[in-house]
Amino acid sequence: MARMLFTVAMAVTTLASAAFANAPHFVHLKALNKYDRTKIVEMGVSIEALATDSVYGLASDSVLERLKKSDIKIMETFLAKPPEGVTDFPSEDSRFHNYDRMTKALDDLVAAHGDIMRKFSIGKTLQGREMWAVQVNTGKETLNAKDGAVSVKPGIVFMGNHHAREHVSAEIPLMLLEYLAKNYGVDKDITALLDKRDIYVIPMVNADGVEFDISTGEYKYQRKNMRPNGSGHIGVDLNRNYGFKWGTGGSSTDPSSDVYMGPNAFSEPETQNIKAFVEGHPNLKVLLTFHTFSELILYPWGHKYDAVENKEDLATFEVMGKKMAEWNKYTPEQSSGLYIASGDTVDWAYGSLGIFAFTFELSPKEMYDGGFYPGAGVLDKVFEDNLRPALYLIDLADNPHRAKSQTAGDFEWLH
């Protein structure tokens, strides 16, 4: 642990030397269990890494002041300073996609594979950017529709970049699209899989926040969207803004907090658009939302410590989590095992719509491995680790309870 603490401190202090306006603080706080962690979150801290008896997180100036007045032990604090000299993404990270490059990448994919892919908008962000989605469906009758026409095939949706600074989370769903396009009609297992499924990918939910995080020459550790909150504070945490059990714990009413839940449930156009899209596609049976970082597979509930009440569903979540962990080597667990978090995507999808929903907290595992900005060098490995879990979820979109069958996700080419 001593070595870890030293390494984290060094990583934080070497992130850069130039501070930025309204910079958050890295905080190292004593936390012995999930109850301590929940208390910390409800103070307004965004927990980003766990240690044996403590947590690392991000806090605004006002949240830090509240921490100092509380009984929570502050072990260390660092000013979060961004890397220097960043214009858009740094040159060594040129593989990452800003909003315009993401849009072009999706356009290029659809132009090359229009027989199975269709790009459409599910609505606009707060600042007016289109929230692009791509449908992968080999049934041409659905591809000719002008909007997100509902397919009769069982469906799954993949999402990325709810949180702006988590840029890896947008690249993995894009790479999945590229993989499916490349292998359809070539690999018999992938071809058979796509012929019987309706797949949607929304790689960049929080495009406004992404652009803010990278556009001024310095990373800003932006998590939230770009909602003006007054007093110089910006943003609502989109992953605390969904309506199921919104505001019941693990979020903040402080607009300066990184886990600010918004003035009301579904207050943000981004979450409103996701809600309308998912509710408008009743064939969706599985949802996977990518985040970074920590190498975790999370499933409901997040808003309370109690397990999912439906025993069959709970068993299915557990089996699916353990199976996917065999492939990506992540840790599977109920979301609230970390801390309470209400108003998130997964609880809403399952609690309101009965969709089997998961969060993948992608690599890296630790803050000192790069945290939110690990570099483009990790992308191929992260995708490779998570390809088989993604295909497994696509396979189970007809009936997730099939996970309890030993043949679920048993593709010939994977042997």
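The values are calculated or read from the model by the stated rules, or taken from the named source; none is laboratory data. These numbers come from a predicted model, not from an experiment. As a convention, Cβ positions derive from the backbone with ideal geometry for all residues, glycine included, and neighbour counts pool all protein chains shown.
Observations on the model:
- All of 317, 360 fail the test of being over 19 Å from residue 169 (Cα atoms), in the same structural domain as residue 292 (by TED's automatic domain parsing) and crowded, with 21+ Cβ neighbours inside 10 Å, apart from 317.
- Selected residue (criterion: nearest to residue 239 (Cα to Cα)) from residues of the range 152-195 that are of a type in the set (Asp, Glu) and assigned to a helix (DSSP H, G or I): 171
- Strands (runs of 3 or more DSSP E) wholly inside the range 1-61 that include at least 2 residues being under 24 Å from the mean Cα position of the chain (by Cα), modelled with pLDDT of 75 or more and under 24 Å from residue 248 (Cα atoms): 46-50, 54-59
Yes or no, residue by residue, for (1) out of contact with any Leu (no Cβ under 8 Å at 6 or more places or on another chain); (2) farther than 19 Å from residue 120 by Cβ:
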site: 268; (1), (2): no, yes
site: 273; (1), (2): yes, no
site: 282; (1), (2): yes, no
site: 307; (1), (2): no, yes
site: 313; (1), (2): yes, yes
site: 319; (1), (2): yes, yes
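- If the condition is being crowded, with 16+ Cβ neighbours inside 10 Å and either under 26 Å from residue 46 (Cα atoms) or aliphatic (A, V, I, L, M) (or both), then the range 320-330 contributes 320, 321, 324, 325, 328, 330.
- Selection count where residues are surrounded by fewer than 20 Cβ atoms within 10 Å (Cβ to Cβ) and not acidic (Asp, Glu), scope the range 286-312: 6
- From the options 231, 256, 252, residue that is of a type in the set (S, T, N, Q) and touching a Ser or Thr at 6+ places or on another chain (Cβ under 6 Å): 256
- Boolean, residue 201 is touching a Leu at 6+ places or on another chain (Cβ under 7 Å), crowded, with 20+ Cβ neighbours inside 10 Å and among the β-branched types (Val, Ile, Thr): yes
- Residue pairs whose Cβ atoms lie under 7 Å apart, separated by 6 or more positions or on different chains, with the first residue in the range 24-36 and surrounded by 15 or more Cβ atoms within 10 Å (Cβ to Cβ) and the second β-branched (Val, Ile, Thr) and assigned to a helix (DSSP H, G or I), are 26/12; 29/40; 31/40.
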